[in-house]
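The values are calculated or read from the model by the stated rules, or taken from the named source; none is laboratory data. Owing to the predicted nature of the structure, the values given are computational and were not obtained by experimental measurement. When we count neighbours, we look across all protein chains shown, and the Cβ atoms used for this are built from the backbone with ideal geometry, even at glycine.
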């Protein structure tokens with residue numbers, strides 16, 4: 001399915017298309033940013049192992065307790081489930097490292113591990129910013145579908161995690177199955193959804209099998225994962241979510257094993273203490289998933305968040321958050337596990353300068369630390385409580401620049417240019433006309449779709465419009481015309497016969 005290009009020719013834009021291809025190779029790899037050294041990470045992990053062995057996790061549901069105790073764990077008199085060090089070591093040795101998350105088109109496949117960086121949406125916001133009035137309202141299933149197809153059209157937003165909650169669904173069951181449907185109907189990129197209860201996992205898996213053409217076809221190319229927040233910190237299982245983790249692992253669904261300790265609230269106020277607790281809680285989930293299915297595609301999702309201690313609210317756009325996220329990513333890589341994190345949780349309510357600097361700081365640090373999956377990077381506002389369609393478009397521009405910043409620096413005779421420099425200083429005195437400059441301007445530079453690089457005079461002559469105005473226009477244009485036909489009519493009919501799908505067919509076609 002062809003995607004709508006974000007780059008559009010406009011009379012008020014320079015004719016950059018004449019320079020050739022707009023997108024250089026963006027096969028990106030992070031991991032060059034080091035917040036902690038190996039000794040520091042080993043000390044943090046040692047404390048995590050001690051926490052699991054001596055204090056363990058409370059509120060373990062029976063199915064989790066049975067799995068862990070059968071593998072050498074123990075339930076204490078205080079009803080805390082402990083994990084012995086040898087069990088932690090065995091799980092770390094046995095967990096898969098070769099996790100790959102697929103799109104329904106091969107160009108959207110994402111191999112994790114070894115510092116590979118992929119950025120996408122997320123947030124599960126309950127509110128959305130109206131594109132025409134700058135006021136917030138409650139989100140609907142239609143908004144979720146719109147967000148999915150907008151992401152489908154944006155080249156630098158590489159996957160779609162549920163961005164908004166369909167608050168017009170009456171029950172948890174309707175919410176989970178319709179969220180899954182709307183996401184799969186809106187994009188061929190990899191999709192992340194969630195399940196409120198373990199019994200919903202079977203329906204989600206069944207929907208995936210119908211779309212894929214069978215259980216084996218989905219297993220060969222898993223295009224949907226479950227985000228599972230199995231912990232209610234500190235050091236306490238969320239029983240329903242922990243059961244979802246077991247059910248998902250056994251159903252063959254890739255599992256995002258996520259933890260959300262709030263530094264200074266539900267985890268220690270120090271970065272080191274927060275990391276140690278988050279690592280212990282995340283490893284508890286990874287171990288449970290591995291025990292439920294030794295072949296599970298489990299992704300380590302420690303994503304500790306920072307609390308503004310003046311108000312008790314989240315401070316997702318802070319410098320402390322950027323530091324904490326990068327350190328947590330580095331610890332995941334120290335353990336050698338495929339991993340995910342959150343970055344881009346700006347506290348600004350609109351896509352303004354505050355949103356820009358807060359998002360860019362945290363996402364850039366997470367990417368350069370080598371996070372495999374970075375969620376919530378596009379479209380989110382108000383500490384993940386709100387979504388904005390124009391923000392998706394602006395953030396797509398930002399993500400392209402961040403991904404480009406991960407490119408390695410090529411050192412060779414050709415790139416060092418000693419002979420060229422010598423010839424140039426004796427002739428024209430500039431490099432603008434050199435063949436290498438022309439060739440590399442087409443292959444080495446990523447030109448923005450929205451960011452304005454014109455002169456002041458040209459900008460003023462074209463109306464002096466800021467980036468939000470242009471982003472609203474582009475988001476509106478995409479949503480008016482981009483209706484990807486991701487489900488064959490027969491498949492869609494089967495899904496609607498099998499499940500209570502609330503998204504009208506008429507809502508999914510161009511008016």
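Scanning the range 64-100 for residues that are touching a helix residue (DSSP H, G or I) at 6+ places or on another chain (Cβ under 7 Å), surrounded by fewer than 17 Cβ atoms within 10 Å (Cβ to Cβ) and over 21 Å from residue 335 (Cα atoms) gives 72, 75.
What tally of residues in the range 484-510 results from selecting those that are part of a loop (DSSP other than H, G, I, E, B) and in contact with a helix residue (DSSP H, G or I) (Cβ under 8 Å, 6 or more places away or on another chain)?
Step one: list which residues in the range 484-510 are part of a loop (DSSP other than H, G, I, E, B), which gives 484-488, 499-504, 509-510.
Filter again for in contact with a helix residue (DSSP H, G or I) (Cβ under 8 Å, 6 or more places away or on another chain), leaving 484, 486-487, 499-503, 510.
Adding up the residues that qualify gives 9.
Within the range 347-365, being in contact with a strand residue (DSSP E or B) (Cβ under 8 Å, 6 or more places away or on another chain), within 20 Å of residue 261 (Cα to Cα) and at pLDDT 95 or above holds for one residue alone: 363. Counting the residues of the range 403-443 that are out of contact with any helix residue (DSSP H, G or I) (no Cβ under 7 Å at 6 or more places or on another chain), surrounded by 15 or more Cβ atoms within 10 Å (Cβ to Cβ) and assigned to a loop (DSSP other than H, G, I, E, B) gives 2. The set of residues in the range 119-142 being over 21 Å from residue 182 (Cβ atoms) and buried (at least 24 other Cβ atoms within 10 Å of the Cβ) consists of 119 alone.
Out of all the residues in the range 487-500, is one or more loosely packed, with under 15 Cβ neighbours inside 10 Å, out of contact with any strand residue (DSSP E or B) (no Cβ under 6 Å at 6 or more places or on another chain) and touching a residue at least 60 places away in the same chain (Cβ under 8 Å)? Yes.
Among the criteria (1) surrounded by 24 or more Cβ atoms within 10 Å (Cβ to Cβ); (2) at pLDDT 95 or above; (3) touching a helix residue (DSSP H, G or I) at 6+ places or on another chain (Cβ under 8 Å), the one residue 225 does not fulfil is (3).
Residues checked against (1) surrounded by fewer than 24 Cβ atoms within 10 Å (Cβ to Cβ); (2) touching a helix residue (DSSP H, G or I) at 6+ places or on another chain (Cβ under 6 Å):
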site	(1), (2)
291	yes, yes
300	no, yes
306	no, yes
312	yes, no
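Among all positions in the range 228-246, there is no residue which is touching a strand residue (DSSP E or B) at 6+ places or on another chain (Cβ under 8 Å), farther than 21 Å from residue 66 by Cα and free of Cβ contacts under 8 Å to residues at least 40 places away in the same chain.
Give 318, 340 a once-over and let me know the one that is in contact (Cβ under 8 Å) with a residue 12 or more places away in the chain and farther than 20 Å from residue 114 by Cβ.
Numbers: 340 fails: farther than 20 Å from residue 114 by Cβ.
Among 318, 340, only 318 is in contact (Cβ under 8 Å) with a residue 12 or more places away in the chain and farther than 20 Å from residue 114 by Cβ.
Among the residues of the range 115-166, just one is out of contact with any strand residue (DSSP E or B) (no Cβ under 8 Å at 6 or more places or on another chain) and at positive phi, namely 134. Among the residues of the range 260-284, those identified as under 20 Å from the mean Cα position of the chain (by Cα), free of Cβ contacts under 8 Å to residues at least 60 places away in the same chain and under 20 Å from residue 42 (Cα atoms) are 278, 282.
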